[in-house]
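Peer 1: Below is a structure I'd like to ask you about.
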Amino acid sequence: MTSGEAGRADADRGDRSGIRTALAGLTTRGRSFLAAGVAAAVCAYVLGQSDLLRVGLLLAALPLVCATVLYRTRYRVAGSRRLSPARVPAGSEARVHLGIDNVSRLPTGLLMLQDRVPYVLGPRPRFVLDRVEAGGRREVSYRVRSDLRGRYPLGPLQLRLSDPFGMCELTRSFSAYDDLTVVPRVEALPPVRFGGEAKGYGDGRQRSLALAGEDDVIPRGYRYGDDLRRVHWRSTARYGELMVRREEQPQRSRCTVLLDTRGDAFQGAGPDSAFEWAVSGAASVLVHMLERGFSVRLLTDTGSSVPGEGTDGFAGASQESADAAGLMMDTLAVIDHSDHEGLSRAYDVLRGGNEGLLVAFFGDLDEEQAAVAARMRQRSGGAIAFVLDSETWTREATDVPGALSGRHGERLRLLREAGWTALGVPRGASLEDMWRQADRERSGLTAAGGGEAWG
């Protein structure tokens with residue numbers, strides 16, 4: 001079979017499939033008209049009544065013509081979707097705008113729209129549109145909301161077409177869909193001072209590694225595009241080629257946010273669970289530190305970080321800080337429990353030395369993992385730990401709020417002896433209050449220390 005014959009065969013199969021689709025879309029009224037027409041035609045043939053035959057043919061032809069016309073015109077309708085915004089915090093609403101364009105030369109009949117929406121975002125929205133003129137456009141919108149973070153697909157959009165006589169209804173599903181990203185809630189944190197721990201300067205201030213002394217400059221070869229004002233003439237005369245001063249390398253305060261995602265470390269599920277509090281807390285600290293000018297890095301117990309993140313993390317107080325925050329929020333939106341049982345991989349990453357502020361959100365710690373966490377303090381300039389006791393988060397509301405288990409208290413003591421500012425997080429605690437408490441405890445521990453870092 002030649003390629004041309006194959007193409008014609010595929011077209012024939014497509015036509016046959018289209019005919020079956022059109023006939024399958026006949027409504028009860030259309031099927032009744034078709035059955036009545038066939039019955040009238042048979043009776044007219046048996047009885048020899050030509051007038052009855054014409055009536056029967058008319059009754060049978062009407063639903064077939066409606067189905068054919070409707071099938072031919074259904075591909076001339078275009079649909080679009082727009083999210084506003086495409087990234088929302090948990091518990092907030094987003095608006096979805098749907099647009100229907102009639103790109104054919106004929107007006108459409110009654111249109112019924114239905115957009116596929118995950119159950120957690122609410123019921124499926126349905127709309128009925130009147131006749132759309134040739135080249136016309138109709139727009140509708142609906143709202144979605146989720147208390148659970150995640151990435152949810154919206155679509156595909158389903159369009160149900162109906163002829164004016166109600167003989168046939170056809171459903172078309174568009175192939176395009178969009179993703180709504182629900183990020184963790186971010187709580188505004190007050191600026192506090194963690195004394196003498198984080199290296200460098202916070203609050204957007206920088207310091208230069210190379211002093212501006214003429215004899216201290218380490219030149220390099222001239223590159224196309226370098227500013228001629230940076231030419232170092234003494235080195236140029238010495239090496240016999242054009243040399244320029246190296247750009248000053250700023251050093252920022254660094255902050256690593258460690259999020260414990262071990263499945264065994266957290267109990268319960270839902271927006272009010274301990275794990276969701278930890279994820280929301282990590283997101284709040286990341287955004288806060290970026291706004292304060294820190295170079296921020298997100299780290300999990302698996303040793304992984306945000307794709308595209310540098311060795312020192314994302315730089316804050318820059319034009320890219322908003323994009324960096326978006327990448328981190330997208331990562332936290334879909335983060336889930338890991339299968340790892342320990343914190344050794346995170347410790348191996350921190351062992352490389354970051355010399356910055358370490359803010360950790362831990363779940364339940366056994367004796368071994370508490371010891372690993374204690375050793376992390378040696379690899380950071382300052383360390384703050386928010387430890388969530390799952391027992392306090394799974395108690396009934398009648399229990400004493402804020403009470404911590406004895407084992408949990410032993411883990412906090414071990415971390416504090418290693419130099420951590422360790423706080424137990426009871427159920428329903430406010431991150432803002434915990435943040436201020438960490439500042440008070442850190443200030444008490446480092447009252448005699450030198451240097452300051454803002455957080």
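The values are calculated or read from the model by the stated rules, or taken from the named source; none is laboratory data. Just so it is clear, the model here is predicted, and its values are computed rather than measured. These area figures cover heavy atoms from the full protein model, side chains too; ligands, DNA and RNA do not enter into them. Shrake-Rupley method; radii C 1.70, N 1.55, O 1.52, S 1.80 Å.
Peer 1: Got a number for the accessible area of Y177? Probe 1.4 Å, square angstrom, nearest 10.
Peer 2: 140
Peer 1: Taking a probe of 1.4 angstrom, what is the accessible area of I335 in Å², to the nearest 10?
Peer 2: Around 30 Å² of this residue is reachable by solvent.
Peer 1: Quick one: how many Å² of T68 are accessible to a 1.4 Å probe, rounded to 10?
Peer 2: T68 has an accessible surface of roughly 80 Å² with all protein chains in place.
Peer 1: Could you sort W393, W435 by their accessible area in this structure, using a 1.4 Å probe and putting the largest first?
Peer 2: The residues order as W393, W435, largest area first.
Peer 1: By how many nm would the segment from R54 to A36 grow when fully extended, if each residue of separation counts as 0.36 nm and the alpha-carbon distance is taken off?
Peer 2: 5.2 nm
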